[in-house]
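The values are calculated or read from the model by the stated rules, or taken from the named source; none is laboratory data. Not measured: the values here are computed from a predicted model. As a convention, Cβ positions derive from the backbone with ideal geometry for all residues, glycine included, and neighbour counts pool all protein chains shown. To get the accessible areas, we keep the full protein, side chains included, count just its heavy atoms, and leave off ligands, DNA and RNA. Shrake-Rupley method; radii C 1.70, N 1.55, O 1.52, S 1.80 Å.
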Amino acid sequence: MQKILKTLLGLASGLMVSISAPTLAKADQLTLCWAAWDPANALVELSKDFTAKSGIDMKFEFVPWTSYADRFLNELNSHGKLCDLIIGDSQWIGGAAENGHYVKLNDFFDKEGIKMDDFVPATVVGYSEWPKNSPNYWALPAMGDVVGWTYRKDWFEKPELQKEFKAKFGKDLGPPKTYDDLKEIAEFFQKREVDGHTVYGASIYTERGSEGITMGVTNVLYDWGFQYENPKKPYDMKGFVNSPEAAKGLAFYKSLYDCCTPPGSSNIYMTESADAFKSGQVAMQMNFAFTWPGLYKDEKVGGDRIGFFPNPAEKEHFAQLGGQGISVVSYSEKRDAALQYIKWFAQPDVQAKWWKLGGYSCLKAVVNAPDFVSSQPYAGAFLESMAIVKDFWAEPSYAQLLQAMQKRTHDYVVAGKGTPQEALDLLVKDWTEIFQDDGKL
């Protein structure tokens, strides 16, 4: 499996590509590759302005999230020319940079006056930089995203429920500030009858096949003190990944799954969690912020019925980063035109419209504008969330690292195998073997 994944990521290639390549043929059409979701539809609408200004038509290749990584990592590894531009997941940046799939953008940014200081710092590190925390840029921050929460505001505001909750817990029923608060609320709603229907406490990520449970459980692990490595010694993971506090966090996530989720919650990710909320099953749901505009517009649960809050705190306070940067594919024969699109997309007025259409801008001028928080009901929660983000490994071997974490956390949380300490000890063992194979340990 490790050999297959290495092949998928193109680890054998060592070519670095910069924008100093020879001038290429003039383009009358560009193809942009991304996932099929609501923000992609917003980008199609936004890009009409680019075509009107440049005369370059835009073609879009969108695939479902379930096949997004396989489809486009295979395309990059085969040096395919389908994509001129790609909005690649944040964890791809290491492999794409080291294996020459993306054009390095430093010289282009300097030439065009595009400054990374103008973007939210976490998105620059997460979406653009490789190596991390170095001024080497392979993408422009394109779609900010982060795991947060929605809740049934209309249920929380019912006087009889507020009175009962206050009597039981000695506090007001409102958006939780800590995970202990969240669990109390989830237990309070679990199997309760609301408006004539049996409801449940919360929907959380548990999906095994791609990245779901990792994108969920990390929100809790981070808050309990989990770290990917020793801050003073790269790839030194023992006692950081599997610290006693991290094990307590993993145990908490399982307890939330066991106590407070709806029946049939063993394989939940973005779509399923949103569906649980839209169908009126749950009081709260974990999900990426990109789902919030659509949920707010939902006729049954949106509007005044829905509220938004950032990932709760515990010992620490973090949230799992999502989102992507936009890159120029090095194998494209239309790189000059693709760079023209990046220059256009980086403009403040374009970024402001991107936010209005349903995209999540990473430009400081947009998110720090005086009217940003009041511009959408979920804007404040998004801004708070983006201030506390942390991301998964972005190493070239990220897919192997991810598969290991998917297995170890799902085996414990959902399948009930072993203890939380054993699960994290095995994860350290898995990750150590991967980094040894990579020559980093």
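I need the full set of residues from segment 58-72 which are buried (at least 19 other Cβ atoms within 10 Å of the Cβ) and modelled with pLDDT of 95 or more, in order please.
M58, F72
With the requirement that a residue be assigned to a loop (DSSP other than H, G, I, E, B) and surrounded by fewer than 14 Cβ atoms within 10 Å (Cβ to Cβ), what does segment 419-441 give you?
Within segment 419-441, T419, G439, K440 meet the criteria.
Quick one: would you say D180 is in contact with a strand residue (DSSP E or B) (Cβ under 8 Å, 6 or more places away or on another chain), of a type in the set (D, E, K, R) and closer than 26 Å to E422 by Cα?
Answer is no for this residue.
Is it the case that some residue within segment 222-234 is of a type outside the set (S, T, N, Q) and modelled with pLDDT under 95? Spell out the reasoning first.
Filtering segment 222-234 for residues of a type outside the set (S, T, N, Q) gives 222-226, 228-229, 231-234.
Among the residues that remain, those that are also modelled with pLDDT under 95 are: none.
No, the conditions are met nowhere in segment 222-234.
Limited to segment 97-108, what total is found for residues that are aromatic (F, W, Y) and buried (at least 21 other Cβ atoms within 10 Å of the Cβ)?
Looking only at that region, the number is 1.
Does segment 29-53 hold any residues that are over 20 Å from the mean Cα position of the chain (by Cα) and either surrounded by fewer than 18 Cβ atoms within 10 Å (Cβ to Cβ) or modelled with pLDDT under 95 (or both), and which are they?
Across segment 29-53, the qualifying residues are Q29, V44, E45, K48, D49, T51, A52, K53.
Kindly list, by first and then second residue, each pair from a residue in segment 111-130 that is over 14 Å from G323 (Cα atoms) to a residue that is among the basic types (K, R), limited to pairs with Cβ atoms under 6 Å and residues at least 6 apart or on different chains.
Listed pairs, sorted by first residue: E112/K343; D118/K364.
I'm checking my understanding of the structure. Among residues of segment 177-202 that are within 19 Å of G264 (Cα to Cα) and hydrophobic (A, V, I, L, M, F, W, C), which one is surrounded by the most Cβ atoms within 10 Å (Cβ to Cβ)?
Per the criteria, the residue is A202.
Which one is nearest to W393 (Cα to Cα), of the residues in segment 76-94 that are in a helix (DSSP H, G or I), of a type outside the set (V, I, T) and touching an Asp or Glu at 6+ places or on another chain (Cβ under 8 Å)?
Within segment 76-94, the first condition is being in a helix (DSSP H, G or I), and the residues that meet it are 76-77, 90-94.
Now drop any that are not of a type outside the set (V, I, T), which leaves 76-77, 90-92, 94.
Now restrict to residues that are touching an Asp or Glu at 6+ places or on another chain (Cβ under 8 Å): 90-91, 94.
Numbers: S90: 9, Q91: 7, G94: 9 Å.
Ranking the candidates gives Q91 first.
Within segment 259-273, track down each residue that is assigned to a loop (DSSP other than H, G, I, E, B) and among the small types (G, A, S).
Of all residues in segment 259-273, those assigned to a loop (DSSP other than H, G, I, E, B) come to 261-269.
If the condition is that a residue be assigned to a loop (DSSP other than H, G, I, E, B) and among the small types (G, A, S), then G264, S265, S266 are the ones that fit.
Taking the conditions exactly as written (farther than 28 Å from W292 by Cβ, open to solvent by 10 Å² or more (accessible area, probe 1.4 Å) and aliphatic (A, V, I, L, M)), does A167 satisfy them or not?
Answer is yes for this residue.
If we keep just the residues of segment 119-164 that are assigned by the TED database to the domain that holds V328 and part of a helix (DSSP H, G or I), which is most open to solvent (accessible area, probe 1.4 Å)?
Within segment 119-164, the match that is most open to solvent (accessible area, probe 1.4 Å) is P121.
Do any strands (runs of 3 or more DSSP E) lying entirely in segment 274-390 carry at least 2 residues that are open to solvent by less than 10 Å² (accessible area, probe 1.4 Å) and either modelled with pLDDT under 95 or not assigned by the TED database to the domain that holds F226 (or both), and which ones are they?
319-328
Of all residues in segment 244-278, which are closer than 17 Å to T291 by Cβ and of a type in the set (A, V, I, L, M)?
Hits for segment 244-278 are I268, M270, A274, A276.
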